[in-house]
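The values are calculated or read from the model by the stated rules, or taken from the named source; none is laboratory data. Everything numeric here is computed off the predicted structure, so don't read it as measured data. Ideal geometry is used to build each Cβ from the backbone, glycine not excepted, and the neighbour counts take in all protein chains shown. Just so you know, the surface numbers come from the protein's heavy atoms only, side chains and all, with ligands and any DNA or RNA stripped out. Shrake-Rupley method; radii C 1.70, N 1.55, O 1.52, S 1.80 Å.
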Amino acid sequence: MDLKLNGKKVLIAGASRGIGLATAKAFVAEGCEVAICARGEAALGAAIGELTAGGGRATGHAVDISDGDAYRAWVTKAANEIGGCDVFIPMASAGGGPASEETWKAAFDIDLMSVFRGIEAAAPFLEASDSGAIVCVATTAALEEFAGAQAYNAMKAAVIAHAAALSQAFAPKGIRVNTVSPGPVYIEGGSWNFVKDNMKPFYDATLAAIPMGRFGNAEEIANAIVFAASGAVPFMTGTNIVIDGGVTKRIQY
């Protein structure tokens, strides 16, 4: 299948590791030029090294995504550097954790407001593209109760709702907006790795609840993100793609 992505310009916010890095690699493999940002210089440098090792075209800048002005400035600078923006993917997240004033504020600022800020900055470039696409990343924890009442779940639910509303507003401008919601994904050094090492009963219970009998991996989620952004599905917008091995029990419609 031709995904019609060769030569496209892609901006990914929060892509130095995990699903973000796997997504950047998948776009590079399709012949895209990619710009990424992340907070840590060392991880960012390592990611750029991986992305360009085989001749891929990628650039990156260290940005504190919680700094709205700096983040907006990166979107504009990166799009100008690589010659536009056909695809924008806001990936940054403050992660989960026990409910507190601090975790709620962090989740609001990074999981939700960074989506708003990044899309606002990228919109003029996407509108100038002949195939503008936005793919937001949420979670199945936004769809069904999971791990208690926490800010991460609520803010990701807000991201899904915001993306759906944007899909209606942006469709006349030629910009598609979709969301990908992963279920439990195991990444070395990631959150489920931590849970496995420190909260084994919860890890085992989660694994037992997945009908496929395993956790997902970063590449599986990355492939779905790339597909949703691609020219292979130009009529798809306002869709939330759930990839979870069957862990959510609701009927998907």
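Please report the spacing between the Cα centers of segment 16-89 and segment 177-253 in Å, no decimals.
Cα centres, segment 16-89 to segment 177-253: 22 Å.
How much accessible area per residue does segment 1-74 have, in Å², with a 1.4 Å probe? Please list the in-between numbers first.
Working: 3170 Å² over 74 residues.
Value returned for segment 1-74: 43 Å² of accessible area per residue.
For the chain, build the convex hull from the C-alpha positions and give me its volume per residue in Å³. Don't skip to the end; give the middle numbers.
Values: hull volume 31.9 nm³, N = 253.
Measuring per residue, one finds 126 Å³ for the Cα hull of the chain.
Taking 0.36 nm per residue of separation and subtracting the Cα-Cα distance, what length does fully extending Ser100 through Met236 add? It would help to have the intermediate numbers written out before the result.
Values: separation 136, 0.36 × 136 = 48.96 nm, distance 3.76 nm.
Here the segment from Ser100 to Met236 would lengthen by 45.2 nm.
For labels at Met199 and Phe108 in the simple 7 Å Cα→Cβ model, what's the distance in nm?
2.3 nm
So what's the net charge close to Ala158: Lys and Arg +1, Asp and Glu -1, counting the other residues with Cβ under 13 Å from its Cβ? Before the final figure, lay out the partial values.
Values: positive: Lys156; negative: Asp109, Asp111.
Once all neighbours under 13 Å are counted, the net charge is -1.
Would you work out which of Trp74, Thr139, Gly246 lies farthest towards the positive end of the dipole of the chain, given +1 charges on the beta-carbon of Lys and Arg and -1 on that of Asp and Glu, about the Cα centre?
Result: Gly246.
When the Karplus curve 6.51 cos²θ - 1.76 cosθ + 1.60 is applied with θ = phi - 60°, which whole-Hz ³J(HN,Hα) does each residue of segment 44-58 get, with x for Gly and Pro?
5, x, 5, 5, 4, x, 5, 5, 9, 4, x, x, x, 9, 8
What is the gain in length, in nm to one decimal, between Ala128 and Ala53 on full extension, counting 0.36 nm per residue of separation less the C-alpha to C-alpha distance? Write down the numbers at each step before the final one.
Numbers: separation 75, 0.36 × 75 = 27.00 nm, distance 3.05 nm.
Stretched fully, the Ala128-Ala53 segment lengthens by 24.0 nm.
Using modelled backbone amide H atoms (1.01 Å from N, in-plane), which distant-in-sequence or interchain residues come within less than 5 Å of Ala133's amide H?
Val87, Phe88, Arg176
What FRET efficiency comes out for Lys4 versus Ser191 if R0 is 30 angstrom and r is the Cβ-Cβ distance? Round to the nearest 0.05.
Numbers: r = 34 Å, r/R0 = 1.13.
E(calc), rounded to 0.05, equals 0.35.
When the dipole is taken about the Cα centre of the chain, and only Lys, Arg (+1) and Asp, Glu (-1) are charged at their Cβ, what size is it in debye, to the nearest 20?
Working: 19 positive and 25 negative charges, 73 e Å.
Computed charge dipole of the chain: roughly 360 debye.
Figure the gain on full extension for Asn80 and Ala161 (residue separation times 0.36 nm, minus the Cα-Cα span) and round it to one decimal in nm. Spell out each step's value before the answer.
Numbers: separation 81, 0.36 × 81 = 29.16 nm, distance 2.95 nm.
Answer, rounded to one decimal: 26.2 nm.
Using only alpha carbon pairs under 8 Å that are at least six residues apart, calculate the relative contact order of the chain and give it in whole percent. Intermediate values should be presented prior to the final figure.
On the way: 485 pairs, mean separation 49.8, N = 253.
Normalised by residue count, the contact order of the chain is 20 percent.
Can you tell me the equivalent ellipsoid semi-axes for segment 92-217? Use √(5λ) from the Cα gyration tensor, largest first, whole Å. Write down the numbers at each step before the final one.
Details: eigenvalues 187, 56, 30 Å².
After diagonalising the Cα gyration tensor, the semi-axes are 31, 17, 12 Å.
In terms of modelled amide H atoms, which long-range or inter-chain residues lie less than 5 Å from the amide H of Asn240?
Amide H to amide H, under 5 Å and 5 or more residues apart or across chains, Asn240 pairs with Thr179.
Quick check: convex hull over the Cα atoms of segment 9-56, volume per residue in Å³, rounded to an integer?
Working: hull volume 2.7 nm³, N = 48.
Per-residue hull volume (Cα only) is 55 Å³.
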